[in-house]
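Chemist: The structure that follows is given in the form of structure tokens.
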Amino acid sequence: MARKSQQVETRMVAEYLAQEYSKFTFITKVPLGKIDEALLATEGYQRALGLTRPFRPEVDAVVVLPQYLVLVEAKVWSVVNGLAKLPMYKSLVPFTPELQQYLPRDIIMELVVGWTNSNLEIMARDAGVRLRVYCPDWLNQVVQGMHKYWTKEYRDQRQQKIALREYFGIE
Amino acid sequence: MVLQNYVMLEPGIPTKLHFTDHQIEARTITDPVTGQPALRKVLVLDVDRLNDRPVVARYSTMAEKHAQQFSPYLTDKSYRNFDFTITVQGEGFRRSWTVQVTPRQG
């Protein structure tokens, strides 16, 4: 069966970081928050990290600047979710063992989106989040598709494309 | 018979790699879910340094999620200018790769 979805945000973050922060160290998919002390005592550091990994929040990327840590969250679809997560993520940074070597540093919150609107800009300003639009051609097609997703024309076109992929056995 | 030297990551252990080249290869694998043979694209990167020690090895992934973390560096092979410290955690669909990208000095 031909696939109906595609990985978008991982590529978006990787490209954005390579474009904006290639002179600095950055880390993608960083787990945040503390590890339970009792678990650390019984299981040891490495194993405790592994055991708690699925339950810890994960920020898309952390960029290490000389005086700042930039928390980067990228969103194409649920942009408000991304915005809402960032202040929560920021609160966990001082407790994150993986980031201790980079502290103390001030923290910048950055939301990277494929499109924006004035309401998102108001909310971002109020939340102290820096808003960045990253929308190369390939992502623009995804964004356009998203905006047309519920129209009959787009549904028909999409169905036709999936049928063709299935016919040719393309992933 | 030549045995290819592949880098295997240990869960939870950060591994620092430097890449010199890459290929995208097609491989037939047995799908772990269906048990049927399936054709998959694999990103294969040539490794010349492993944890700062010289090696001749390869690192490969067929996970699109992980391959995309390298996508900005593939076209111009600019991964040569960076060190990649990769930490893998979890299994199956919950597998996750934390990748630290550090510009190389000099």
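The values are calculated or read from the model by the stated rules, or taken from the named source; none is laboratory data. Given the structure is predicted, the values throughout are model-derived calculations rather than measurements. In this analysis, Cβ positions are derived from the backbone assuming ideal geometry, glycine residues included, and neighbour counts consider all displayed protein chains.
Chemist: Go through A:111, A:164, A:83 for me and flag whichever is in a helix (DSSP H, G or I) and touching a strand residue (DSSP E or B) at 6+ places or on another chain (Cβ under 6 Å). Spell out how you get there, then give the answer.
Modeler: Values: A:111 fails: in a helix (DSSP H, G or I); A:164 fails: touching a strand residue (DSSP E or B) at 6+ places or on another chain (Cβ under 6 Å).
One residue alone meets the criteria, A:83.
Chemist: Quick one: how many residues across the stretch A:1-55 are over 22 Å from residue B:16 (Cβ atoms), within 7 Å of another protein chain (Cβ to nearest Cβ) and at pLDDT 95 or above?
Modeler: Qualifying residue count for the region: 1.
Chemist: So, one more: Looking at (1) closer than 30 Å to residue A:155 by Cα; (2) touching a residue at least 40 places away in the same chain (Cβ under 8 Å); (3) touching a Ser or Thr at 6+ places or on another chain (Cβ under 9 Å), which is the only condition residue A:76 fails?
Modeler: (3)
To keep it simple, each residue is scored yes or no on (1) hydrophobic (A, V, I, L, M, F, W, C); (2) surrounded by fewer than 14 Cβ atoms within 10 Å (Cβ to Cβ); (3) within 11 Å of another protein chain (Cβ to nearest Cβ); (4) in contact with a strand residue (DSSP E or B) (Cβ under 8 Å, 6 or more places away or on another chain).
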| site | (1), (2), (3), (4) |
| --- | --- |
| B:27 | no, yes, no, yes |
| B:31 | no, yes, no, yes |
| B:52 | no, yes, no, yes |
| B:63 | yes, no, yes, yes |
| B:68 | no, no, yes, no |
| B:72 | no, no, yes, no |
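For (1) buried (at least 20 other Cβ atoms within 10 Å of the Cβ); (2) among the hydrophobic types (A, V, I, L, M, F, W, C), each residue gets a yes or a no:
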residue	(1), (2)
A:10	yes, no
A:14	yes, yes
A:25	no, no
A:46	no, no
A:55	no, yes
A:61	yes, yes
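Chemist: Within the stretch B:83-106, can you find the residues that are facing chain A (nearest Cβ under 8 Å) and either more than 19 Å from residue A:17 (Cα to Cα) or out of contact with any Leu (no Cβ under 8 Å at 6 or more places or on another chain) (or both)?
Modeler: Those that are facing chain A (nearest Cβ under 8 Å) and either more than 19 Å from residue A:17 (Cα to Cα) or out of contact with any Leu (no Cβ under 8 Å at 6 or more places or on another chain) (or both): B:89, B:90, B:94, B:96, B:97, B:98, B:99, B:100, B:102, B:103.
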